[in-house]
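The values are calculated or read from the model by the stated rules, or taken from the named source; none is laboratory data. Worth saying up front: this structure is predicted, and the values here are computed from it rather than measured. Note that each Cβ is placed from the backbone with ideal geometry, even for glycine, and that neighbours are counted across all protein chains shown. Side chains are part of the model used for accessible areas, which takes the heavy atoms of the whole protein and leaves out ligands, DNA and RNA. Shrake-Rupley method; radii C 1.70, N 1.55, O 1.52, S 1.80 Å.
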Amino acid sequence: MLFKGGGLPHESLALQEKLFGAGPDYNFMTRIERFKNSLVRVQHFIRCCARYNLHDHADKKWFEGVAFPNEVSVLGPHSGMFIPTLKEQGSEEQIQKWVPQAEKHQIMGTYIQTELGHGTFVRGLETTATYDPKTEEFILNSPTLTSIKWWPGGLGRTCNFGIVMALLYIDGKNYGMHPFVVQLRSLKTHEPLPGLTMGDIGPKFGFDTVDNGYLQFNHFGIPRENMLMKYCQVLKNGTYTKQTRNPKFSYGAMIFVRSMVVYEVAGQGLAKACTIAIRYSAIRRQSELKKSRPEPQILDYQTQQYKLFPLLALAYAVWFTGVRMKEIYFMVNNEIKQGHTERLPELHAISSGLKAFTTSMASWGIERCRLACGGHGYSAASGLPKIYVNATGGCTYEGENTVMLLQCARFLMNIYGGVKNGRRPSGSVNYLGERISSRCTLTSEFTLKSLADAFKHRAARMIKEASERLNRLQASGNDPEDSWNLNSVVLTKAAEAHCHYYMVLVFESVVESVEDNCVKDILRQLCQLLALCGIQENSGDFIQDGFLNNDQLELVKQKQLSLLSEIRPNAVLLVDAFEFHDVQLGSILGRFDGNVYENLFKWAKKTPLNKPEDLIHRLLR
Ligand SMILES: CCCCCCCCCCCCCCCCCCCCCCC/C=C/C(=O)SCCNC(=O)CCNC(=O)[C@H](O)C(C)(C)COP(=O)(O)OP(=O)(O)OC[C@H]1O[C@@H](n2cnc3c(N)ncnc32)[C@H](O)[C@@H]1OP(=O)(O)O
Ligand SMILES: Cc1cc2nc3c(=O)[nH]c(=O)nc-3n(C[C@H](O)[C@H](O)[C@H](O)COP(=O)(O)OP(=O)(O)OC[C@H]3O[C@@H](n4cnc5c(N)ncnc54)[C@H](O)[C@@H]3O)c2cc1C
C-alpha cells in the first residue's frame with residue numbers, strides 16, 4: 001500500500017507536504033474560506049486519487065487523513081454514507097445506474113434522514129413519499145415545518161444528489177421509512193431543482209468544512225425507479241412487495257458509519273491528542289523538581305503522567321477495538337448479503353454501544369490532553385481544539401450516544417432474558433451464559449486474564465441487576481414503557497460496562513497475539529493501566545457486591561502508580577508508533593522535530609490580526 005501509515009517511502013512524505021502541507025493556515029480562515037478551501041482540496045484529492053491510481057481503501061483513507069486533517073470534507077457523507085447505501089440497499093440495476101457515477105464523482109451525494117423536529121426518533125420522521133400509479137412517480141413532500149430535512153452533510157451548497165429517508169405511502173397506507181435516490185440540483189447549473197428549498201443551516205460547534213444543510217420538499221416528483229429496491233419493491237401498479245422480514249434493513253447505513261466511527265473518529269482523534277500532549281510534555285520544561293537543578297520535562301511529573309498515560313492506554317484500546325469493530329462489521333455484512341441475518345441484532349447492538357462508549361471516552365480524553373498542555377494547549381496552534389470539535393460531533397451524529405447505549409441495553413436485556421429461558425448466547429455476549437463467579441482472581445500480579453475477568457464480572461452483574469430491576473418495576477404495576485424509562489440510567493450503565501469489558505477483552509487478545517516479547521511487555525503494561533484505571537474510576541461497581549475489597553483496591557492504586565514510571569521511558573515511542581505525519585496532526589506542539597517555540601512564534605506573527613490595519617489603529621487610538 002503506497003500511503004499506508006508506517007514505513008512510508010520518504011519521497012511519499014515529501015509528496016504529501018507538497019500536495020497538502022504548505023496550504024493556507026486553516027486557523028487564519030473564516031468559515032466561508034475554510035469551506036471553499038475544503039472544496040479546492042476535495043477536487044485536488046479526487047484528481048490525485050485518479051493520477052496516482054489510488055483505489056485501495058486503506059491508501060485513500062490514509063491520504064484523506066493528510067488532505068483533510070482532523071476535519072470531515074463533503075467526501076465523508078458521499079463516500080461514507082451515500083455510496084455504501086446505494087450498494088447495500090439498491091437493486092443490481094440501481095447500483096449499475098448510480099454507483100459508477102458516484103465513484104467517479106460525476107454526482108456528489110449525501111444521506112438525508114434527520115429533520116428539524118426529529119433525528120433520534122426515526123419512526124417519528126414526517127417527510128412523505130406518496131406513490132402515484134398514474135405518473136409512476138413518488139411525490140416527496142415536507143408536510144410540516146418540523147419535517148424540513150435538517151443537518152445532512154453537504155446538503156447546503158455542495159451535493160447534487162441525496163438518499164432521502166421518507167415515509168412510503170401507497171393508496172393512503174403508510175409502509176414506513178424507505179430510502180429514495182433524489183436529484184437535488186441541476187447537473188448543468190447546480191441550481192436547486194424546482195420544488196426544492198435548500199440552504200446551509202449556519203455556523204456550528206465544528207465541522208466548518210462541511211455545509212450541513214436544510215431541504216424542504218414542495219410536492220416534488222421522482223421516478224418510481226428511484227426507490228432503492230433491494231429488499232422491497234413498488235411495482236408500476238403500486239403493489240408493494242418485500243424480501244425481508246426485518247424492517248430495519250433500511251437502517252443499514254447507520255450501522256456502517258457507527259462501526260467505522262470507533263476507529264476513524266474516536267481512535268484517530270484520541271491517538272492524535274495523546275501524540276501532541278505527550279510529545280509536548282517531553283519538550284516543555286517547567287518549574288523546579290529539585291533545588292538548583294534544571295527545570296524538568298513536565299512529563300517527569302507524576303501528575304502529568306497520571307493525566308496522560310491512562311489516555312495513551314485508552315487510545316491503544318480504542319484503536320484496537322475500532323479495528324475489531326470494522327472486521328466484525330464486514331464479516332456480518334457479508335453474512336447478511338448471503339441471506340444469513342441472525343447476527344444483525346448483535347451487530348446493531350455492539351456498533352451502537354461501542355460508537356457511544358468510544359466517542360464519549362475520546363471526547364473526554366482529548367479535552368484532558370488539552371488541559372495537560374497549559375496555555376499553549378488552548379492555542380489553535382496546538383491542533384487540539386480542531387481535533388476536539390471534530391471528534392465530539394461523533395457523540396451526536398449517527399445516533400446520539402445515550403440513545404445508542406439504550407439500544408445496546410435493549411439487546412442485552414433480550415439476551416439475558418433468553419438465557420433465563422435456556423437459550424445459549426454467543427459472540428460478544430457469550431459470557432452472559434456463564435454462571436457469575438463471585439470469586440475474584442485479582443492478585444498483585446494483575447494478569448490480563450484476571451483483569452478481564454473482573455470487567456466480565458462487573459458487566460454480567462450490572463446486566464443481571466438491570467434486568468431484575470426492570471422486572472421489579474413491571475411487577476410493581478408500571479407498564480413496560482414506564483418501567484424501561486424508570487430503569488434507563490441503570491440500563492445505560494450496564495451497556496457501558498458491557499462495552500468496557502469488550503474493549504479490555506480485545507486489548508488482552510491483541511497483547512496475547514504479539515510475538516515480540518519486548519513489544520508484548522510494553523503493550524501488557526498499557527492494557528494493565530487501562531484496566532486498573534477503569535477499576536479505580538468505577539470502583540463502586542467492583543466493590544458493591546464484595547467482588548473487590550478495600551485491600552485489593554489499594555493494590556490497584558499502587559500498581560497504577562508504579563506503572564506510570566514503568567511506562568515513562570517508552571511514552572514518546574508509543575505515540576511515535578501511531579506514525580501520524582505532521583500534516584495529519586496539524587499541531588505545532590506535536591511536531592515530530594520538537595521545534596515548538598520557534599514555530600509557535602513564526603505562526604503567531606503570521607496571524608491576520610498582526611497585519612497593519614488602519615481601522616484597528618483608528619479604533620484603538
Ligand atoms: C472521506 C473519504 C475519502 C475517501 C476514502 C475512501 C472511502 C471509502 C468509504 C469508507 C468511508 C469510511 C466512513 C468513515 C466514517 C467516519 C467519518 C465520519 C463522518 C461522519 C459525518 C457525519 C455523518 C452523520 C450522519 C447521520 O447522523 S445520519 C442520521 C443518523 N441518525 C440516527 O442514527 C438516528 C438514531 N435513531 C435510530 O437509529 C432509531 O430511531 C432507534 C434505533 C433509536 C430506534 O429505532 P426504532 O424506534 O425503529 O426501533 P426500536 O427501538 O423500537 O427497536 C425495534 C427493533 O429494531 C432494532 N433496530 C433498531 N435499529 C436497528 C438497526 N440500525 N439495525 C438493525 N436493527 C435495528 C432494535 O434493536 C429492535 O430490535 P428488537 O425488537 O429485537 O429489540
Ligand atoms: C456534525 C453532525 C453531522 C450530521 N450529519 C447528518 C447527516 O449527514 N445526515 C443526517 O440525516 N443527519 C445528520 N446529523 C443529525 C444527527 O443524526 C442527529 O442530530 C442525531 O441523530 C441526534 O438526533 P437529534 O438531533 O434529534 O437529538 P435528540 O434526540 O433531540 O437529542 C436531545 C437529547 O434527547 C435525548 N433523547 C432523545 N431520545 C431519547 C430516548 N429515547 N431516551 C432517552 N433520551 C433521549 C438525547 O439523549 C439527548 O440528550 C448530523 C448531526 C451532527 C451534529
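The residue that is surrounded by the most Cβ atoms within 10 Å (Cβ to Cβ), among those in the stretch 18-61 that are in a loop (DSSP other than H, G, I, E, B) and modelled with pLDDT under 90, is Leu54. Could you tell me whether any residue of the stretch 413-421 is assigned to a helix (DSSP H, G or I), within 16 Å of ligand 2 (Cβ to nearest atom) and not polar (S, T, N, Q)? There is at least one residue in the stretch 413-421 that is assigned to a helix (DSSP H, G or I), within 16 Å of ligand 2 (Cβ to nearest atom) and not polar (S, T, N, Q). Is there a residue being open to solvent by 40 Å² or more (accessible area, probe 1.4 Å), more than 9 Å from ligand 2 (Cβ to nearest atom) and of a type in the set (Asp, Glu) anywhere in the stretch 80-90? Scanning the stretch 80-90, I find no residue that is open to solvent by 40 Å² or more (accessible area, probe 1.4 Å), more than 9 Å from ligand 2 (Cβ to nearest atom) and of a type in the set (Asp, Glu), so the answer is no. One residue alone among Leu529, Leu619 is hydrophobic (A, V, I, L, M, F, W, C), in a helix (DSSP H, G or I), over 30 Å from Ala67 (Cα atoms) and modelled with pLDDT of 95 or more, and that residue is Leu529. Checked against the criterion of being crowded, with 18+ Cβ neighbours inside 10 Å and within 13 Å of ligand 1 (Cβ to nearest atom), the candidates Thr402, Thr392, Thr396 yield just one match: Thr392.
Rundown of residues vs (1) surrounded by fewer than 24 Cβ atoms within 10 Å (Cβ to Cβ); (2) over 20 Å from the mean Cα position of the chain (by Cα), yes/no style:
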| site | (1), (2) |
| --- | --- |
| Gln233 | yes, yes |
| Lys236 | yes, yes |
| Tyr240 | yes, yes |
| Tyr251 | yes, no |
| Tyr263 | yes, no |
| Gly267 | no, no |
| Ala273 | no, no |
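With respect to Ser259, determine if the residue is among the polar types (S, T, N, Q), at pLDDT below 95 and in a helix (DSSP H, G or I). The answer is no for Ser259. Of all the criteria given as (1) open to solvent by 10 Å² or more (accessible area, probe 1.4 Å); (2) under 27 Å from the mean Cα position of the chain (by Cα); (3) in contact (Cβ under 8 Å) with a residue 12 or more places away in the chain, the one not satisfied by Asp211 is (1).
Residues are listed down the side, and each one gets a yes or a no for (1) in contact (Cβ under 8 Å) with a residue 24 or more places away in the chain; (2) basic (Lys, Arg); (3) under 24 Å from Ala452 (Cβ atoms):
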{"residue": "Lys230", "(1), (2), (3)": "yes, yes, no"}
{"residue": "Tyr240", "(1), (2), (3)": "yes, no, no"}
{"residue": "Glu264", "(1), (2), (3)": "yes, no, no"}
{"residue": "Leu270", "(1), (2), (3)": "yes, no, yes"}
{"residue": "Phe309", "(1), (2), (3)": "yes, no, yes"}
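Here are some residues: Ala277, Ala273. Which one is closer than 26 Å to Asp59 by Cβ, part of a helix (DSSP H, G or I) and out of contact with any His (no Cβ under 6 Å at 6 or more places or on another chain)? The conditions single out Ala273.
Take the conditions within 16 Å of ligand 2 (Cβ to nearest atom) and either open to solvent by 20 Å² or more (accessible area, probe 1.4 Å) or under 14 Å from the mean Cα position of the chain (by Cα) (or both) and apply them to Phe320. Does it pass? No. Residues in the stretch 91-139 that are closer than 19 Å to Arg224 by Cβ, polar (S, T, N, Q) and outside the structural domain of Arg224 (by TED's automatic domain parsing): Ser91, Gln94, Gln96. Taking the criterion of being surrounded by 14 or more Cβ atoms within 10 Å (Cβ to Cβ), of a type in the set (Ser, Thr, Tyr) and more than 26 Å from Met361 (Cβ to Cβ), no residue of the stretch 275-304 qualifies. List, please: which pairs have Cβ atoms under 8 Å, are six or more places apart or on different chains, and start with a residue in the stretch 387-406 that is farther than 15 Å from Val72 by Cα and end with one that is open to solvent by 20 Å² or more (accessible area, probe 1.4 Å) and within 11 Å of ligand 1 (Cβ to nearest atom)? That search, which allows pairs on different chains as well, returns Gly399/Thr120; Gly399/Gln407; Glu400/Gly119; Glu400/Thr120; Val403/Thr120. Annotation note: of Leu561, Leu491, the sole residue that is touching a residue at least 12 places away in the same chain (Cβ under 8 Å), in the same structural domain as Ala313 (by TED's automatic domain parsing), more than 23 Å from Arg324 (Cβ to Cβ) and buried (at least 21 other Cβ atoms within 10 Å of the Cβ) is Leu491. For the stretch 62-109, the set of residues classified as touching a Ser or Thr at 6+ places or on another chain (Cβ under 8 Å), closer than 22 Å to Lys188 by Cβ and not in a helix (DSSP H, G or I) consists of Val74, Met108, listed by residue number. Number of residues in the stretch 102-140 that are within 16 Å of ligand 2 (Cβ to nearest atom) and either more than 16 Å from His178 (Cβ to Cβ) or touching a residue at least 24 places away in the same chain (Cβ under 8 Å) (or both): the value is 22. Contact map, the stretch 506-526: residues that are open to solvent by 80 Å² or more (accessible area, probe 1.4 Å) paired with residues that are assigned to a helix (DSSP H, G or I), Cβ distance under 8 Å, separation 6+ or inter-chain. Pairs shown: Glu512/Leu448. If we keep just the residues of the stretch 193-207 that are free of Cβ contacts under 8 Å to residues at least 40 places away in the same chain and of a type in the set (A, V, I, L, M), which is farthest from ligand 2 (Cβ to nearest atom)? Selected residue: Leu193. The residue of the stretch 421-438 that is least open to solvent (accessible area, probe 1.4 Å), among those that are modelled with pLDDT of 90 or more and basic (Lys, Arg), is Arg423. Of all residues in the stretch 111-157, those being touching a Pro at 6+ places or on another chain (Cβ under 8 Å), among the small types (Gly, Ala, Ser) and more than 9 Å from ligand 1 (Cβ to nearest atom) number 1.
Looking across the stretch 114-134, the residues that are assigned to a loop (DSSP other than H, G, I, E, B) and either hydrophobic (A, V, I, L, M, F, W, C) or surrounded by 18 or more Cβ atoms within 10 Å (Cβ to Cβ) (or both) come down to Thr114, Leu116, Gly119, Phe121, Leu125, Glu126, Thr127. Taking the conditions (1) buried (at least 20 other Cβ atoms within 10 Å of the Cβ); (2) within 16 Å of ligand 2 (Cβ to nearest atom); (3) modelled with pLDDT of 95 or more in turn, Leu168 satisfies each one other than (2).
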